Amino acid sequence: MISDRTDLLQGTLDMMILKSLALDQMHGLGISRRIEQLTKGTFQVKPGSLFPALHRMEEEGWLVSSWGESENNRRAKYYRLTRAGRRQLNSETQRWGRISLAIARALEAS
Amino acid sequence: MPTLSRMKNLFRNIFAKQRTDRDLDDEVRSYSDLLAQEKTRAGLSAEQARRAARIESGGIEQVKENVREARTGAWLDSLLQDLRYAARMLRKNPGFAAIAILTLALGIGANAAIFSLLDAVVLKTLPVASPEGLVFFSGRPWGTSSGSQTGHWWAFSSQDFAYFRDHNESFKELCAIRSGTDQLEMRVAGASGPTDSARGSLVSGNFFSFLGLNPAAGRLFTTEDDRPQSSPAAVLNYPYWIRKFRNDPSAIGQVIEINGTAFTIIGVAPQEFSGVGYTTPDIWLPLAFQPQVELTAPYSEDPQEYWLNIIARLKPRVRLRQAQAGVNIQLKQVLLAQTHRETAEQIEKSYIELAPGAGGISYLRYTYAQALQILMAIAGIVLLIVCANVANLLLSRSSAREREISIRLAIGAGRGRLIRQLLTESMLLTIFGGALGILIARWGAQALVVLVTGSGSAIKASIDARMLIFTTAVSLLAGILFGLVPALRASRVDLSTPIKGSSHTGLRFGLANGLVIFQIAASLVLLIGAGLFLRTLQKLAGQDPGFDEDHVVLARIDPQRAGYTPEQTPALYRALIERLEALPGVRFATVAYSGPLDDDTWSSNFSIEGMPEKTRLSPHVYKELVGPNYFGTQGIPIVFGRDIGLQDGPGAPLVTVINEAMAKKFFADVNPIGRRFSLGSPFNSQEAMTIVGVAANARYYSLREEIPPMEFCAALQVPDEASHNAGFARLVEVRTAGDPSVLSSEIRGAVAQVAGNLPATRINTLRQQVQAQLKQNLDAAKLSTAFAALALLLACIGLYGTMAYRVSRRTNEIGIRMTLGAQRANVFWLVTRECLLLVAIGLGVGVPAALAATRVIASQLFGVRATDPLTFAGVAILLLLVALAACYIPAQRAMRVDPMVALRYE
C-alpha cells in the first residue's frame, strides 16, 4: 500500500479522482472505493486528503457537485466531471504516460 | 483558473463562510454514515460500524480543517481570524490597548507634524519650470553689508549684473531682483481716500520667462516692459488679485497709482507662485521703474549702488562648483575693471557663494532649517522612545501570556502561525496608533506653524500623500519591529515550564530593562536641551537691555517717500515733536533713524581728528540719527556730558553722543568729550562732529549680540545729501506716562495733523519690539519643552508599565517574603530599589549623551553654557522625582499584597 499522503502523488491523486469520475458521477466514499478498485488496492484514499482535493478541484472548475440520494436512500454529495475536468484528465494522462515511460527507461538503463 | 471564478470562490469562502462550512460538515458526516452502512453490511453491529467508520475517516474536524486550508483565500481567512482574535485580546485589556495606542499616536503624530513643517519650510521646491537648475548668487542674500567689508558678495550693482550676464559661460540665463521688498502706497487711479500699503518686488523683464511661468490672467513681463521709456506695467500676485480685485478679470488693464506713478496692471502671476524671495510681494514691477517706486535717483546708473540679487539658471550638465569657480573669477574681473572701488587686498578676499535655488531663497528656511532639523532629531528620539515603550508593553504582556502560548503550541499550533498572530496584534495596535497619529499631526502641524511663525504665515503645513506614506511606513515598521521581538521570544518558550506554573523572579528581562534605561536616558537628553533653552530665554528676557522698554511707543514714518527734501526735515521733526509732546499722557517725543531692535542698521567707518590714519583698530561704528532728548525718551542714562538737545539744530556746531562701548574702544585713555571725528575716511573737518556726551550701553539691533560701538548724531542738524551723515529719520518715539498701547490712534492723528501726506505706519510699543526679538527663543523653549515633556511622560509610562508588571509577576514571591516576616516597608523598598537602580543607570548613560548632544545647540544659547551644571542637576532631580512617582503605585500595590491570597495563587 502506498501512503496517500506522499507529496509526489499530489498530482496523481487529482488524476485518479478525475479518472474515477470519467464514467459517472459519484459521492466521496464512492470515489474512494473506485480508486481502490482501479488500483487493485494499491491506493487507499482517506477523507483527510480526499475532501481537500475534491474542494480544490471544484474551485478549479474541473468538478461540479450536487446533493443527491445514495443507492440506499442516504443523502450524499455527488461529484461529476465538467468539460474542463475532462480536458484536464486527458492532459494529465498524457503527461503521466510520458513521465512513467521516461522513468521506466531511466531505471532500465544501467 | 480564471480571475472571475477565483473571485467568486474567494467571495464565497469569506462571506458565505457559514453556509460552506455547514455544507462541508454535512458532506463529511454523510461520508461517515455511508462508511458505517458499508460496515454494517459487512456484518458489524451498528455501534461497532460507527466506531470503525470514525476511526477510518480520521477526525471530522481535522478533515474540515484540511479542506479549509485547501480553499482559495485560506490566508485571508486566517488573517481575518487573527484580526478578530487580536481585537478580542485588545478589548480584553483596554488599559494596555489605550496606553499603547495613545503612546504610538503621540510619537507618530509628533513626527508627522514636524515632518510636514520641515517639508513646507525646507524640502518643497518652487513651483517653476525645472527648479533644480536655479542658483542664487549667495544663499543668504541679506545682512548688514555686502561686498568689500566682509568679502561676501550677495548684492550687486546694475553694472555688475550686466557684466555677469554678458560674460557668463555656465548659465543659460540670469535674472535680477531688487534685494529686499519695497513698501508701496497703492491707490486705484481716480479713486479717492487713503492709499493702501502693499509689498512690491522689482524684477528684471525676463523674470517670469526665466522661471518658465504662465500668467493666471493677462500677460507677464517681457524685456520690453523693463525699459525706462516703456509704459509702466505691473503684475499682481494671485492672492493680492483675489483680495484687492476679487479676482475680477477686468482688473487687467486697470491703472493703479504706485507711490505717485501710474502703472497699468498687465497680468496676474500663477496661483501657486508666490515669489522666490523671502517675503511674498503683492505686486511685481520692472526694475527700470526703480526711481519712480523708490523716489530716488536711478540706482542703475550708480556702480556703487549694490541693490540687486541675482538668480541664474545653470546650463545642462554644468555643476554648481564649476559655475562657482567661473563666477568668482568674473567677480574679480568686475572689481578690477571698476578701479574706483576696492583695494587689491579687498578684491583678493571677495567671493560669491552660489547656492542651489530649487527651493527659492527663504529667510525662514535659513533661520529655521537647522532648528527644524534638530527638532526632527528630537522627534525621532521621541519616536524611538515610543517604540521602546510599546515593545516593552508587548514584551511584558507576551511574557504574561507565556502560559497561553505554550498551551497553544502544545495542542499543535504552528510556530509560524503563532508569530503571525502576535505580529497581527502589534500591527493592529500600530494601525490604530497611526490613524490617531495622523489626527494629532494635522492639529499639531498647524499648531507648530502658528507657534513658530505666528498666525497668518505664508507657510502651509498640510498633510499630503507623502506625509501619509511617511506615517504609514513609520507605523508599519514600528509594528513589525517591536512585534517581532516579543513574538519570536514568546514562541521560543520551553513547552513544559510555563504550563507547570511559574514562580521565577530575578532579572530575566534584560531587554525590558534596557528599553527602560534607554527611555530614561533619552528623556534626560531632551529635558536638558529644553532646560538650556528655557535658561537662555530667562537670561535674554531677564537681562537689562540698557533702555527702559516700558511706556515707549514707536511709529514708523518715511519722509523721503513722502517727498521731503533733507533741508525740510528739521522743521518737520520739530513740528512732529512739538505736536506729539502736546498730546495728553505723552512725556517726551523724539525721532530716530531706526531705533532699538530693528533689523535695519547703518554702519560706517570713521576717522578721529588727530589720530594716525593707519591704526590697528578698524574704526567702525554703528550710527544712529536721533532727535532731541533721545536718551531721555528711551531711558538710557547719560554717563558724561549731555543728551542731544533742541539747540543742536541747523547752523549749530555738529555734535554727537557716543556710547560707552565706543568710548572704551576708541577713547580708552582720554576724555572723549570735546573730541571730534568724521564718518568716512580720511578725517573731514567740514563734516566732523564734536562728542558732547557718552551714553550708557544699550542693546541695539539684537538682544544677543554684544553691544557695538555706536554714535548718535543729531537729526536736526541735517547735513547736505553728499555728506556721510545724510539720512532721514524714519521712526517717531514717544514716552508716555501711562499705558503706551492706547495712544496709537492719537499718535497717528498727530502725525497726520503735522503732515497729511506722511502716514504713521507699524505702530507698536518698545516692549512688543523686545518680545518680537525673544520670539524665536521662546519658540525654541516652547517646542523643546513640549517634546521633552512628551518624552518624560512616555518614559514614565514605560517605567510604570515595567514596574507594575514586575510586581504582578512577583506577587507570589512577595507573599512568601511577607509570610516569612518581611515588613511592608521592606517590600516597598524592594520595588523602589529596583526602580531607582534603573533610573540611576539611565542617568549614568544619559548625562554623557546629553553632554555630547548639547554641543549641537551651543550656538543657540545665550548666557548659559551647554554644560550648565545647574540645568543638568535640576533635570536629573526632576527626572528622579518623576520616576519615583511612576513607581510609587506599583510599590504601593506590592506593599498591599495579602500573603494568603498570594500563596493561594498557585
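Taking into account only those residues within segment B:295-308 that are closer than 17 Å to B:ILE177 by Cα and of a type in the set (A, V, I, L, M, F, W, C), which is surrounded by the fewest Cβ atoms within 10 Å (Cβ to Cβ)?
B:TRP307
Among the listed residues B:GLY563, B:GLY651, which satisfies the condition of being exposed (fewer than 15 other Cβ atoms within 10 Å of the Cβ) and closer than 17 Å to B:THR761 by Cα?
B:GLY563
Of the numbered conditions (1) assigned to a loop (DSSP other than H, G, I, E, B); (2) surrounded by fewer than 20 Cβ atoms within 10 Å (Cβ to Cβ), A:GLU58 fails exactly one; give the number of that condition.
Here A:GLU58 meets the rest and fails (1).
Would you call B:ARG84 of a type outside the set (A, V, I, L, M, F, W, C), more than 9 Å from chain A (Cβ to nearest Cβ) and more than 58 Å from the chain's Cα centre (by Cα)?
Here the answer is no, as B:ARG84 does not meet what is asked.
Which one of these does B:ARG19 not meet: (1) surrounded by 13 or more Cβ atoms within 10 Å (Cβ to Cβ); (2) within 14 Å of chain A (Cβ to nearest Cβ)?
Evaluating B:ARG19 over (1) surrounded by 13 or more Cβ atoms within 10 Å (Cβ to Cβ); (2) within 14 Å of chain A (Cβ to nearest Cβ) leaves (1) as the failure.
Is it the case that some residue within segment B:626-638 is modelled with pLDDT under 85 and assigned to a loop (DSSP other than H, G, I, E, B)?
no
Here's the yes/no breakdown for (1) closer than 29 Å to B:SER197 by Cα; (2) modelled with pLDDT under 80; (3) in contact with a Ser or Thr (Cβ under 7 Å, 6 or more places away or on another chain):
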residue	(1), (2), (3)
B:LEU743	yes, no, yes
B:ARG762	yes, yes, no
B:ARG767	yes, no, no
B:LEU778	no, yes, no
B:GLY801	no, yes, yes
B:ILE816	no, no, no
B:GLN823	no, no, no
B:ARG833	no, no, no
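Go over the candidates B:ALA592, B:ALA575, B:ALA571 one by one and state the one that is surrounded by fewer than 20 Cβ atoms within 10 Å (Cβ to Cβ) and in contact (Cβ under 8 Å) with a residue 60 or more places away in the chain.
Result: B:ALA575 is the single residue among B:ALA592, B:ALA575, B:ALA571 that is surrounded by fewer than 20 Cβ atoms within 10 Å (Cβ to Cβ) and in contact (Cβ under 8 Å) with a residue 60 or more places away in the chain.
Would you pick out the residues in segment B:147-188 that are part of a strand (DSSP E or B) and of a type in the set (A, V, I, L, M, F, W, C)?
Hits for segment B:147-188 are B:PHE156, B:PHE171, B:LEU174, B:CYS175, B:ALA176, B:ILE177, B:LEU184, B:MET186, B:VAL188.
List the pairs whose first member sits in segment B:230-241 and is in a loop (DSSP other than H, G, I, E, B), whose second member is of a type in the set (Val, Ile, Thr), and whose Cβ atoms are under 9 Å apart, counting only residues at least 6 apart or on separate chains?
Qualifying pairs under 9 Å: B:SER231/B:THR264; B:PRO232/B:ILE258; B:PRO232/B:THR261; B:PRO232/B:THR264; B:ASN237/B:VAL268; B:ASN237/B:THR280; B:ASN237/B:ILE283.
Please name all residue pairs, on different chains or six or more residues apart, with Cβ atoms under 7 Å, provided the first residue is in segment A:52-78 and is within 9 Å of another protein chain (Cβ to nearest Cβ) and the second residue is part of a loop (DSSP other than H, G, I, E, B) and surrounded by fewer than 20 Cβ atoms within 10 Å (Cβ to Cβ).
From segment A:52-78, the pairs are A:GLU60/B:MET1; A:GLY61/A:THR82; A:GLY61/B:MET1; A:ALA76/A:SER70.
Residues in segment B:860-887 that are out of contact with any Lys or Arg (no Cβ under 9 Å at 6 or more places or on another chain) and either among the hydrophobic types (A, V, I, L, M, F, W, C) or within 19 Å of B:GLY815 (Cα to Cα) (or both): how many?
The number of residues fulfilling the criteria is 15.
Look through B:ALA70, B:ALA120 and report the one residue that is at pLDDT below 75, over 19 Å from B:MET427 (Cβ atoms) and within 14 Å of another protein chain (Cβ to nearest Cβ). Quick ask: steps written out before the conclusion?
Values: B:ALA120 fails: within 14 Å of another protein chain (Cβ to nearest Cβ).
The match here is B:ALA70.
When the residues of segment B:659-708 are filtered to those that are under 17 Å from B:ILE638 (Cα atoms), outside any loop (DSSP other than H, G, I, E, B) and polar (S, T, N, Q), which remaining residue is nearest to the chain's Cα centre (by Cα)?
Within segment B:659-708, the match that is nearest to the chain's Cα centre (by Cα) is B:ASN659.
Of the conditions (1) facing chain A (nearest Cβ under 10 Å); (2) in contact (Cβ under 8 Å) with a residue 12 or more places away in the chain; (3) not β-branched (Val, Ile, Thr), B:LYS39 fails just one. Which one is it?
The single condition B:LYS39 does not satisfy is (1).
Looking at segment B:561-611, which of its residues are under 27 Å from B:GLN773 (Cβ atoms), among the hydrophobic types (A, V, I, L, M, F, W, C) and touching a strand residue (DSSP E or B) at 6+ places or on another chain (Cβ under 7 Å)?
Correct list: B:LEU576, B:ILE577, B:LEU580, B:VAL586, B:PHE588, B:ALA589, B:VAL591, B:ALA592, B:TRP602.
Looking only at residues that are surrounded by 15 or more Cβ atoms within 10 Å (Cβ to Cβ) and either without any contact (Cβ under 8 Å) to a residue 40 or more places away in the chain or more than 13 Å from chain B (Cβ to nearest Cβ) (or both) in segment A:31-47, which one is farthest from B:LEU34 (Cα to Cα)?
A:THR39
Collect the residues in segment B:43-58 that are within 13 Å of another protein chain (Cβ to nearest Cβ) and either exposed (fewer than 14 other Cβ atoms within 10 Å of the Cβ) or touching a Leu at 6+ places or on another chain (Cβ under 7 Å) (or both), keeping them in residue-number order.
B:ALA53, B:ILE55, B:GLU56, B:SER57
Given the criterion surrounded by fewer than 14 Cβ atoms within 10 Å (Cβ to Cβ) and either modelled with pLDDT under 85 or out of contact with any helix residue (DSSP H, G or I) (no Cβ under 6 Å at 6 or more places or on another chain) (or both), identify the matching residue among B:ILE311, B:ILE283, B:ILE329, B:ILE266.
Numbers: B:ILE311 fails: surrounded by fewer than 14 Cβ atoms within 10 Å (Cβ to Cβ); B:ILE283 fails: surrounded by fewer than 14 Cβ atoms within 10 Å (Cβ to Cβ); B:ILE266 fails: surrounded by fewer than 14 Cβ atoms within 10 Å (Cβ to Cβ).
One residue alone meets the criteria, B:ILE329.
Which of the following residues is of a type in the set (Phe, Trp, Tyr) and within 30 Å of B:LEU799 (Cα to Cα): B:PHE137, B:PHE96?
Matching residue, one of B:PHE137, B:PHE96: B:PHE96.
The values are calculated or read from the model by the stated rules, or taken from the named source; none is laboratory data. Owing to the predicted nature of the structure, the values given are computational and were not obtained by experimental measurement. Glycine also receives a Cβ, built like all others from the backbone with ideal geometry; neighbour counts cover every protein chain displayed.
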